[in-house]
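Structure first, commentary second.
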Amino acid sequence: RHQNSHRLVNYLNWYGIRSKLFNVGQYRRKMMDEDKASRADFFSAGNKDAAAKREELATMVFDDLLKWLKEGGNMAIFDATNTTRERRKKVLERAQREHGVEVLFVESICTDQKVVEANLAEKVRLSPDFKGMDFF
């Protein structure tokens, strides 16, 4: 997902369309203590405090995205885990309150197990969330 988003933003900027990527994970790593922001329990569905923090961060990032669009941006990508209907509904409702903002949800589906495994290995190797951890 993130790679596709990055490539699209790069292409659109090259083409002359002012575009920007807003990644919730990057905000999380900047704003939270590294030990808390990348631990598995932070992403656990059963961790209500962490779920509230994840929603707070997503809202903050989306607000920044909308502000950037108001200031002259043409196209923005909200790079976040928007997999639930509830999250998508929040995004859509918030965007609809803004004049001239349209939303398009894009899903990337891969059924090739080798590609999925290669993407996961690259994520573990390159993501700051896995820094210092040995998985392979």
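I need a count of the residues in region 46-77 that are touching a helix residue (DSSP H, G or I) at 6+ places or on another chain (Cβ under 7 Å) and open to solvent by 30 Å² or more (accessible area, probe 1.4 Å). It would help to see each step written out before you state the result.
Initially, region 46-77 is screened for residues touching a helix residue (DSSP H, G or I) at 6+ places or on another chain (Cβ under 7 Å), giving 47, 50, 57-58, 60-62, 75-77.
Now restrict to residues that are open to solvent by 30 Å² or more (accessible area, probe 1.4 Å): 47, 60, 75.
Adding up the residues that qualify gives 3.
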Please work out which one of (1) within 15 Å of the chain's Cα centre (by Cα); (2) β-branched (Val, Ile, Thr); (3) open to solvent by less than 80 Å² (accessible area, probe 1.4 Å) is the condition Thr83 fails and give its number. (3)
Checked pairs for region 90-103, first under 16 Å from Ile77 (Cα atoms), second among the polar types (S, T, N, Q), C-beta under 7 Å and 6 or more apart or across chains, list as Val91/Asn82
Counting only residues that are modelled with pLDDT of 75 or more and part of a helix (DSSP H, G or I), region 94-133 contains a total of 8
Condition check: of a type in the set (Gly, Ala, Ser) and modelled with pLDDT under 80. Does Ala50 satisfy that? yes
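The values are calculated or read from the model by the stated rules, or taken from the named source; none is laboratory data. None of the values given here were measured: they were computed from a predicted structure. Positions of Cβ are backbone-derived with ideal geometry, glycine not excepted, and every protein chain shown enters the neighbour counts. Heavy atoms of the whole protein, side chains included, go into the accessibility calculation; ligands, DNA and RNA do not. Shrake-Rupley method; radii C 1.70, N 1.55, O 1.52, S 1.80 Å.
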